[in-house]
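First the structure, in the form of structure tokens, and then the observations on it.
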Amino acid sequence: MHNATLTCPECGFAQEAEMPGDPCVFFFQCVNCDTVPRPLAGDCCVFCSYADKLCPIKQQQSTDPR
């Protein structure tokens, strides 16, 4: 598993979270304000929308030479 920092779009609080290896994460709960953000339109998961790193699936796709 990889770690990433998720930033809440509501309050701006940054929290460390583990990214799963293959399933996408569709929501997370901010530990500061209890908001539950969902992915932005066109993003597969909350990591692609609100984290400092893309999810592992997108990371693999961007390095896949196919």
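Computed values, structure above
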{"read-out": "Protein accessible area in segment 2-64, 1.4 Å probe - carbon and sulfur %", "value": "50"}
{"read-out": "Per-pair calculated FRET efficiency, R0 = 22 Å: residue 33 and residue 58 via Cβ, rounded to 0.05", "value": "0.25"}
{"read-out": "Accessible area of the chain divided out per residue, in Å², using a probe of 1.4 angstrom", "value": "66"}
{"read-out": "The chain: proportion of alpha-carbon pairs further apart than 16 angstrom, %", "value": "42"}
{"read-out": "Using θ = phi - 60° and Karplus 6.51 cos²θ - 1.76 cosθ + 1.60, couplings along segment 36-52 (whole Hz; Gly, Pro as x)", "value": "10, x, 10, x, 6, 3, x, 9, 7, 7, 5, 5, 5, 8, 10, 9, 7"}
{"read-out": "Residue-count net charge about residue 47 - beta-carbon cut-off 15 Å; Lys, Arg +1, Asp, Glu -1", "value": "-2"}
{"read-out": "Normalised contact order of the chain, rounded percent, pairs of Cα under 8 Å and 6 or more residues apart", "value": "30"}
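The values are calculated or read from the model by the stated rules, or taken from the named source; none is laboratory data. Not measured: the values here are computed from a predicted model. Note: ideal-geometry Cβ built from the backbone for every residue, glycine included; neighbour counts use all protein chains shown. Surface areas here come from the heavy atoms of the whole protein model, side chains and all, with no ligands, DNA or RNA. Shrake-Rupley method; radii C 1.70, N 1.55, O 1.52, S 1.80 Å.
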